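Everything below concerns the one structure shown next.
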Amino acid sequence: MEPEAKVKIKKEKFEILKKADDLFVCSRCGTCLAYCPIYKQTLDESLTPRGKMSLLEAISKGKLEYTDRISEKFYTCTSCNLCKEECPSGVKIDEMIETAKSDLIDVNKYPEVIDILKDRIKKAYNITFDSNIGRLDWVKALPEGDPRKYVKEKADVVYFVGCVSSFSPRSFGIPRSIVQELDSAKVDYTLLGEDEWCCGFPLLNSGIKDAASDMAKHNIEAVKSKKAKLLVLSCPSCYHTWKHEYPKYYDGEINFEILHISEYLLRLVKEKKIRLKPLSGKITYHDPCDLGRNSGVYEQPRDVIKSIPGIEYVDLEANRELSNCCGGGGNLESVNQALASKIALSKADEIIKTGADIVVTSCQQCNRTIDAAMKKKKKESNVKVKVIDLPELVLQSINSGKENS
Amino acid sequence: MDKKYIPELEKIVGPENVITSFEERLTYSYDSTRLEYLPDVAVKVRDAQQISSIIKLANDYNIPVTPRGAATGLSGGCLAVKGGISLVMVEMNKVLDINPIDLLITVEAGIVTEKVSKAVEHLKLFYPPDPGSMKSSTIGGNIAENAGGLRGLKYGVTKDYINSIEVVLPTGEIVNMGSNTVKAVTGYNLVDLMCGSEGTLGIITKATLGLLPVPADKVSILAFFKDMTDAAKTVRDIVAEGVITATLEIVDKVTINAIEDFLKIGLDRTVGAMLLIEVDGQKGAVEIEADIVMKVCSANNALLVRRAKNDKERDELWAARRAALSSLSRIKPSTILEDATVQRSKMVELINAVNEIAKKYNMLIGTFGHAGDGNLHPTILTDLRIPEEAEKTEKVIEEIFNATIALGGTLSGEHGIGITKARYLKLELSKPVYDLMKKIKNSFDPDNILNPGKMECNWDF
Ligand SMILES: Cc1cc2nc3c(=O)[nH]c(=O)nc-3n(C[C@H](O)[C@H](O)[C@H](O)COP(=O)(O)OP(=O)(O)OC[C@H]3O[C@@H](n4cnc5c(N)ncnc54)[C@H](O)[C@@H]3O)c2cc1C
Ligand code: SF4
Ligand code: SF4
C-alpha cells in the first residue's frame, strides 16, 4: 500500500464520518457517468459523482484528508442533481456533496470567491458590490418609474425579486415584465425594496449552513409584516430555498403560500386575469434545475407557454426530470468559467436540434448562460434561437397586436 | 516507489494527462466490483501511437499497464492489481467512419457503447450488443469482455459484430487484425482471440463494427408467473416453438420489488417471476410470433400476460430491466453478482439449485438475467463489512459455481474472469487448456506487463 494511504486523521472532525453507511451504498456502477455534465465535458473520473463518493468514502475511513485538490473537485459541480435523479442505487449524492462542502468550509479549504460572496452578503445583504438601496433601480425605466409606488405597507402578494434580477441590468426585463403583468391582472402586490435580503442560497450551496437562519428569519418576517397571503418568486434558486430550506431554519409559522412566477402566471391565466393574445413561432422550454428537478415544477411553465395562441410548442429531447443543466448552476462559473461555458454550448446544441425559434427559460441565470452560448453559436454557424424568460414571453403575448392595431 | 518514468510519460502524453496525485489516483482504483487497487499513475491517452510509446516504456522499466474503459466491469478487469499504469481510454471516443452500404462503423475504442447506435440512428441502423451498462461502458471494454446484452438470443454478443480491430500489442507494435469483408479466413482468427481477452493480450484502439437495419416492427410482452420455474419453462418452450425472440429476460420476486422501489412503474410485487420479452422483425411476422409467445406463456400458467400498452410503457419496462442490478443494491449494502450460464434446457435446474443454496445459507439472492441465453445473474445481497457475512458469501459463490459446472455450464457468460472468478478457473478448465492459455499470453506478452494478475490462478493451490 502507498504511504499516503496511511494518513490518520482526527476522526470526530468531519460531518462526512457520520455518512459512512450512505456512502457504502454507491455500487460504483458508473451509471452517473452517462449523466453528469461535468464528466461529459471533462471525461475526468475524479469529478464524477462516483469519484466524489469514493473520495468521501476514503475520507470517512481515514485514508484521506480533505485537501485543496479535493475541495476543487467538490466545487466543480453545477448542483444540477441529475446524478441523484438517475442513480439506481439511491445514493443521496446531493446530501453527500453538501456535507463535503460544509466540512470543507470548516477546514478552510474552499474557493476564494466564497469569502468575497460571504463578505458582500454580510455587508449589503445582496451578492453585488452595490448597497441594498439599489434594489429598486430597475423600476426606474418603467412608465410608473417611481420606486416608492412599488413598495406598500400591506399587500395580498409579495414579489421577491432576487439579487440577480434586482441588480444585473441584463436581467431587468424579468422583474419589469412581472410587475407589468401583476398590474394588468390588477393584483394587490408589493415589493420588499431594501427589506429584501439575499435569500442565502449562494451561501447554502457553498456549504455555509449557519448563514441561512438570519436570512430566513429576516425575509420571512419582512413578508409577514406585509400581511401577505402569497409570496411570488422569479428566481428558481430563491424559490427552492424559500420552499425547501427556510422551513429548516425558521421556528415560527410560514403563514403564506409560496409560488414560483410560472405557477402564479398559470393561475392568473386560468382565472382569466391575464389575457394571452396570439404570438407566432416554434417554442421550446428549458427546465431550470432548481425549478424542475430540485423543486418539482415541470408542467406549469409549459402550460403557460401552451396557453398562448398561435405558437407551436416542442420539448427538448432531454426534458423534465432528465433536463440537462445549462452550466450556470452551483456557482460553477466563478470556479471554472471555461467548463461552465462548454456545458452551456452543449445545451445550446440540444436547443438548436429542436428547430425552435425561441427557447424559454424560467430563470435569470439559465437565461444569461444560454443566451451567451447562443450568441457564440450564432457567430460560429449563424443559427439563431431567441432566448427569453417566461414572464417576458407572457408580457409579449399580453401586449401582442397593440403596436400594430 | 521509483517513479523515474513519470517525466517520460509526461513527454508522451503531456503533463496534464498524467495523473499522479493520491486523491485522483484513488478515483482510478475501482470498478463496479467495488474492489480497489491503487495504480501508481493513471494516464489518459489519445491515440495508438501514444499507447505504443507507453508500452515500450513500460517494457523498459517493467511497469504493469492495465487498460481502463469506463470501469463498469464486474470481474475486476481494469483494476491495477499489480500497481503501475492505469491506461485511461475514454478520450479516444470518436466515430471515424460510417459505411451504410457495407453496414459498418469504425470507432475509437473508448467511445461509449450507446453512442455507436446513436451515430447511425438517422440511417435506421443499429449496433445490436446492448449491455445493461451501455450508457457508460466503452466499446473497448465490451470487446475485451465480449460483452453480451439483452438482445443476445437473437442477435448474439459483441464478438459477432467485430469485423476488424486495431491493436497495440504488449510489445508495442500497432497492428490490424480481421477484415472488413463479410467473410475472411486468412490466418488464425485473432479477432475472436482478442475478444474476451480482458485486456491481457493487447490494447484495442480502433474497431470496425457491424451494423444491422433497425427492424420494422417490434412488440414487447410482459408476463407474470407464480414462480421462477414456470417462467423458466416458458423460456424453454418459446424457443422450442421455433420463436427466436430478440430479448427474453427473467426477473425474480426480490428483483421485481427492488426495481419497483426505485422506479415505481406499477409492477406487481406479489408475483414470483416476470418475463420481459421482445419480438422484432417484419410487420406481419412480429404479430404471428407475439401470438405464439403469449400462448406459450398462458400454457405455462402465466398469472398475467399482456403487451406493453404503448411506446412509453415499453421504454419503462426495458429501463426497469436495465435498472435491475443497481436497484438490488438498494436492499443490502453489498451486491455480489454472478454470471452463471447453462444451456437453456438446464435453466430450471440451475434456478432450483440457487434457491436451495440460498435457503441452506439463509442468504438473500435476487436473480435476473438473460433467460433466453441461459445466462442468469444470481445476485447475493449481503454486507461484506461483516466478516461472517463475507465468509458465507464466499461459500455461496463457490456452491453456485459448483452447481453450474455440474450442469455442464460455464463460470461466466459475459462478465469475464478478471480477478473475482480467477480462482474458480480450475472448476471448468483442464490443466492443458490453462497451460495453453498461459503460453498464448506469454507469446503475446513475454514481459507480462499487460494487465498482469488477471485470468490467472495458482493451479496447484
Ligand atoms: C449496471 C451494470 C450492468 C451491466 N450489464 C452488463 C450486460 O448486460 N452484459 C455484459 O456483458 N456486461 C454487463 N456489465 C459489465 C460491464 O459493463 C461490461 O463488462 C463492459 O464491457 C465493461 O466495459 P468498460 O468500458 O466499463 O470496461 P472496464 O470495466 O474499464 O474494463 C473491462 C476490461 O476491459 C479491458 N479494457 C478496457 N478497454 C480496453 C481496450 N481499449 N483494450 C483492451 N482492453 C480493454 C480492461 O482492462 C478490463 O479487463 C454491466 C455492468 C454494470 C455495472
Ligand atoms: S450511479 Fe449511484 S451507485 Fe452508481 S456509481 Fe454513480 S453514485 Fe454510485
Ligand atoms: S450535481 Fe450535476 S454536476 Fe454535480 S456531480 Fe451531480 S450530475 Fe455532476
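Relative intensity of chain A on a log10 scale, I(q)/I(0) at q = 0.08, 0.15 Å⁻¹, equals -0.44, -1.44, per a Debye sum over C-alpha point scatterers of equal strength in the absence of solvent. Counts of other chain beta carbons within 10 angstrom of each beta carbon in peptide A:39-47 average 5.
Accessible surface computed residue by residue for the stretch B:153-286, with neighbouring protein chains in place and a 1.4 Å probe, gives 39 Å² per residue. Leaving ligands and nucleic acids aside, the A/B contact buries around 3000 square angstrom of accessible area in total at a 1.4 Å probe radius. Qualifying GluC sites (Glu not before Pro) in the stretch B:314-387, where qualification requires a DSSP coil assignment and no more than 10 other C-beta atoms within 10 Å, are lacking entirely. GNM remark for chain A: springs join alpha carbons under 10 Å apart, and the peak mean-square fluctuation among A:158, A:179, A:314 falls on A:314. Here each label is just a point 7 Å from Cα along the line to Cβ, and for residue B:176 and residue B:319 those points are 4.2 nm apart.
Length gained on full extension, residue B:184 to residue B:402: 74.6 nm, using 0.36 nm per residue less the C-alpha separation.
Of all lysines in the structure, the ones whose alpha carbon falls short of 25 Å from that of residue A:377, not counting any fewer than 8 places away in one chain, are A:40, A:282, A:342, A:347, A:353, A:386, B:94, B:115, B:118.
Only Cα sites of the protein assembly as shown enter the Debye sum here, all with the same form factor; the resulting log10 I(q)/I(0) across q = 0.08, 0.09, 0.11 1/Å is -0.80, -0.99, -1.34, listed in q order. Loop-located GluC sites (Glu not before Pro) in the stretch A:329-405 (DSSP state other than H, G, I, E, B) with a sparse environment of at most 11 neighbouring Cβ atoms within 10 Å: A:403. One Cα centroid belongs to the stretch B:1-33, the other to the stretch B:411-454; the line between them spans 27 Å. Per residue, the accessible area of the stretch A:275-404 comes to 41 Å², computed with a 1.4 Å probe over protein heavy atoms only. Shielding by partners for peptide B:322-329, expressed as the average number of C-beta atoms from other protein chains within 10 Å of each residue's C-beta, is 5.
Restricting the stretch B:128-225 to chymotrypsin sites (Phe, Trp or Tyr not before Pro) that sit in a DSSP loop and have at most 15 other Cβ atoms within 10 Å of their own Cβ leaves B:188. Pairwise inverse Cα distances across the stretch B:88-171, averaged and inverted, put the Kirkwood hydrodynamic radius at 13.1 Å.
Shown for chain A: the carbon plus sulfur share of the solvent-accessible area, taken with all protein chains present and a 1.4 angstrom probe, equals 49%.
Rg and Dmax, both from the Cα atoms of the stretch B:408-454 and both in Å, are 11.6, 36.
The magnitude of the dipole of chain A, with charges of +1 and -1 set on the Cβ of Lys/Arg and Asp/Glu and taken from the Cα centre, is near 500 debye. The stretch B:224-352 has equivalent-ellipsoid semi-axes of 24, 18, 13 Å, by the square roots of 5 times the alpha carbon gyration tensor eigenvalues, sorted largest first.
For chain A, the mean residue ellipticity at 222 nm estimated from helices alone is -12500 deg cm²/dmol, where every DSSP H run of n ≥ 4 contributes -39500 (n - 2.57) and the total is divided by all residues, rounded to the nearest 500.
The number of Lys pairs in the stretch B:357-461 with C-alpha atoms less than 18 Å apart, excluding pairs fewer than 8 positions apart on the same chain, is 20.
Cα axis of helix A:364-381 to longest principal axis of chain A: angle in degrees, 0 to 90, nearest 10? Approximately 90 degrees, to the nearest ten.
Using a probe of 1.4 angstrom and keeping all protein chains present, the accessible surface of the stretch B:357-426 works out to 37 square angstrom per residue. For chain B, the fraction of C-alpha pairs more than 42 angstrom apart is 16%. You can think of it this way: the chain between residue B:99 and residue B:56 has 12.1 nm of extra reach, that is 0.36 nm per residue less the Cα-Cα gap. For chain A, modelled as a GNM whose springs connect Cα atoms under 10 angstrom apart, the maximal fluctuation among A:311, A:261, A:174 occurs at A:311.
The tail of the calculated P(r) for the stretch B:303-388, taken as Cα-Cα distances beyond 21 Å, holds 43 percent of the pairs. Taken over the stretch B:284-428, the convex hull of the Cα atoms encloses 142 Å³ per residue. For the stretch A:85-104, a decrease in accessible area of 20 Å² or greater in the assembled protein chains relative to the isolated chain, with a 1.4 Å probe, applies to A:88, A:89.
Shown here: the stretch A:275-377, whose C-alpha atoms stretch 43, 30, 23 Å along the first, second and third principal axes, sorted largest to smallest. Looking only at A:209, A:149, A:375, which one moves most when chain A is put into a Gaussian network model with springs between Cα atoms under 10 Å? Largest GNM mean-square fluctuation: A:149. Estimate the FRET efficiency between residue B:21 and residue B:218 by the formula 1/(1 + (r/R0)^6), using the beta-carbon distance for r and 51 Å for R0, to the nearest 0.05. Result of the calculation: an efficiency of 0.60.
The values are calculated or read from the model by the stated rules, or taken from the named source; none is laboratory data. Worth saying up front: this structure is predicted, and the values here are computed from it rather than measured. All Cβ positions, even for glycine, are placed from backbone atoms using ideal geometry, and neighbour counts span all protein chains on display. Side chains are part of the model used for accessible areas, which takes the heavy atoms of the whole protein and leaves out ligands, DNA and RNA. Shrake-Rupley method; radii C 1.70, N 1.55, O 1.52, S 1.80 Å.
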